[in-house]
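Asker: My structure is below; once you've seen it, I'll send some questions.
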Amino acid sequence: MKPAPVTIENRSCETCTLCCRLPDIDYLDKPAEEWCMHCVAGLGCSIYEERPKLCRDFLCHWMLDETLGDEWKPSISHMMVYGQGRQITVLADPDRPDLWRHEPYISQLQNWAADAAATGGYVIVFWRDEVVKIER
Ligand code: SF4
Ligand code: SF4
């Protein structure tokens, strides 16, 4: 059995539900940037005990990587960050689509892009129909 990912001490999802809204989830027939039918705003998942395995297994980088400071807490950054192979994916809340262009975010995104490039990786920001590859 695959071990559960280790989360950073003192970090929890609390009332954040960004990953129930921003990504498209084929299994749940959920388009990007629309609420999952099971999500209750401000409360979370209404089927938490029976939620699909893909939901159980998912944690964003802020929950897993202590190099992401508190400014990356999704409720503050209005972004969720996760890895997809060599791609570091950043989904920006369409209600706050330009935050990533400003500090402290843009410098960190550029640093991630530089670090990722050393092993063939890259950083992409998505919102609405927009896609931007972060340049080092
Ligand atoms: S985006 Fe991250 S912090 Fe927010 S609910 Fe999902 S895993 Fe938790
Ligand atoms: S099933 Fe629950 S945990 Fe999964 S996306 Fe929907 S509301 Fe979120």
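The values are calculated or read from the model by the stated rules, or taken from the named source; none is laboratory data. Owing to the predicted nature of the structure, the values given are computational and were not obtained by experimental measurement. Using ideal geometry, Cβ is built from the backbone for each residue, glycine included, and neighbour counts are taken over all protein chains shown.
Asker: Is there a residue being in contact with a Ser or Thr (Cβ under 7 Å, 6 or more places away or on another chain), touching a residue at least 40 places away in the same chain (Cβ under 8 Å) and under 22 Å from residue 34 (Cβ atoms) anywhere in segment 99-110?
Answerer: So far as segment 99-110 goes, no, none of its residues is in contact with a Ser or Thr (Cβ under 7 Å, 6 or more places away or on another chain), touching a residue at least 40 places away in the same chain (Cβ under 8 Å) and under 22 Å from residue 34 (Cβ atoms).
Asker: Please work out if residue 18 is more than 30 Å from residue 136 (Cβ to Cβ) and within 15 Å of the chain's Cα centre (by Cα). Working first, answer last.
Answerer: Numbers: more than 30 Å from residue 136 (Cβ to Cβ): no; within 15 Å of the chain's Cα centre (by Cα): yes.
Spelling it out, it is not the case that residue 18 is more than 30 Å from residue 136 (Cβ to Cβ) and within 15 Å of the chain's Cα centre (by Cα).
Asker: Determine whether segment 106-113 contains at least one residue that is of a type outside the set (D, E, K, R) and touching a Lys or Arg at 6+ places or on another chain (Cβ under 7 Å). Spell out the reasoning first.
Answerer: First, the residues of segment 106-113 that are of a type outside the set (D, E, K, R): 106-113.
Retained after the next criterion (residues that are touching a Lys or Arg at 6+ places or on another chain (Cβ under 7 Å)): 110, 113.
Yes.
Asker: Looking for something within 14 Å of ligand 2 (Cβ to nearest atom) and of a type in the set (Phe, Trp, Tyr) - is there at least one such residue anywhere in segment 30-47?
Answerer: Step one: filter segment 30-47 for residues within 14 Å of ligand 2 (Cβ to nearest atom), giving 30-47.
Of the ones still in play, those that are also of a type in the set (Phe, Trp, Tyr) are 35.
Scanning segment 30-47, I find at least one residue that is within 14 Å of ligand 2 (Cβ to nearest atom) and of a type in the set (Phe, Trp, Tyr), so the answer is yes.
Asker: Determine, yes or no, whether residue 17 is under 28 Å from residue 132 (Cβ atoms), of a type in the set (S, T, N, Q) and modelled with pLDDT under 95.
Answerer: Details: under 28 Å from residue 132 (Cβ atoms): yes; of a type in the set (S, T, N, Q): yes; modelled with pLDDT under 95: yes.
So residue 17 fits the description; yes.
Asker: A follow-up question, please. Condition (residue is crowded, with 18+ Cβ neighbours inside 10 Å and more than 11 Å from the chain's Cα centre (by Cα)) applied to segment 116-125: is it met by at least one residue?
Answerer: Looking through segment 116-125, at least one residue is crowded, with 18+ Cβ neighbours inside 10 Å and more than 11 Å from the chain's Cα centre (by Cα).
Asker: Can I ask one more? Just checking: which of the helices (runs of 4 or more DSSP H) contained wholly in segment 1-87 hold 1 or more residues that are surrounded by fewer than 16 Cβ atoms within 10 Å (Cβ to Cβ)? So that I can check it myself, show each step before the final result.
Answerer: Numbers: elements: 53-57, 61-64, 74-77.
The helices (runs of 4 or more DSSP H) meeting that bar are 53-57, 74-77.
Asker: Would you check if residue 91 is assigned to a strand (DSSP E or B) and either at pLDDT 95 or above or among the basic types (Lys, Arg) (or both)?
Answerer: Details: assigned to a strand (DSSP E or B): yes; either at pLDDT 95 or above or among the basic types (Lys, Arg) (or both): yes.
Answer is yes for this residue.
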